[in-house]
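Inspection log for the structure reproduced underneath, given as C-alpha cells.
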Amino acid sequence: MGDVAKAIVKALELNNSEPKIYELGGNKNYSFKELMEILLVEIKKKRFLISIPFNIAKFQSYFLQMLPNPLLTPDQVELLKHHN
C-alpha cells in the first residue's frame, strides 16, 4: 500500500469529528501537462495538448470568463504560473 493510502487509512482510523486538513505529497513533481497526460490515459481519452504563453492565455481569459461556465479566468491563469 502506498504512503498516501496509508495516511488515508490512518486518518479514518482516528475517527476524529473535528475537520482537519492533511497535506500529502510525494517525491516527484509533475507539470500541469504531465498531469493532463496522466488524466487522459486514466479516462481513456485522446486529446491534443498545446502550450500557450501566459500573456496569450491571460488575454483569452478576459473573454472566456464571461461565459456562463467560464473555461478560464484571469485568476486561474495566475495560479497556473506557480507550482502548486
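One table, with the values for the structure above:
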| quantity | calculated |
| --- | --- |
| Neighbours by Cβ (under 8 Å, 6+ apart or cross-chain): first from the stretch 72-84, farther than 17 Å from G25 by Cβ; second of a type in the set (D, E, K, R) | P74/K58; V77/K58 |
| Answer residue from the stretch 8-40, given it is hydrophobic (A, V, I, L, M, F, W, C) and farther than 27 Å from E78 by Cα and is most open to solvent (accessible area, probe 1.4 Å) among those | L12 |
| Answer from I43, I56, I50 - the residue that is surrounded by 10 or more Cβ atoms within 10 Å (Cβ to Cβ) and either more than 18 Å from N84 (Cα to Cα) or without any contact (Cβ under 8 Å) to a residue 24 or more places away in the chain (or both) | I56 |
| Tally of residues being modelled with pLDDT under 95 and of a type in the set (K, R) across the stretch 47-84 | 2 |
| Neighbours by Cβ (under 8 Å, 6+ apart or cross-chain): first from the stretch 1-14, without any contact (Cβ under 8 Å) to a residue 40 or more places away in the chain; second of a type outside the set (S, T, N, Q) and open to solvent by 100 Å² or more (accessible area, probe 1.4 Å) | A7/Y22; V9/M1; A11/K20; A11/Y22 |
| Positions within the stretch 59-84 being in contact with a Pro (Cβ under 9 Å, 6 or more places away or on another chain) and open to solvent by 100 Å² or more (accessible area, probe 1.4 Å), in sequence order | Y62 |
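The values are calculated or read from the model by the stated rules, or taken from the named source; none is laboratory data. Note that the structure is a prediction, hence the values are computed from the model and not measured. In this analysis, Cβ positions are derived from the backbone assuming ideal geometry, glycine residues included, and neighbour counts consider all displayed protein chains. SASA here: full protein model, heavy atoms, side chains in, ligands and nucleic acids out. Shrake-Rupley method; radii C 1.70, N 1.55, O 1.52, S 1.80 Å.
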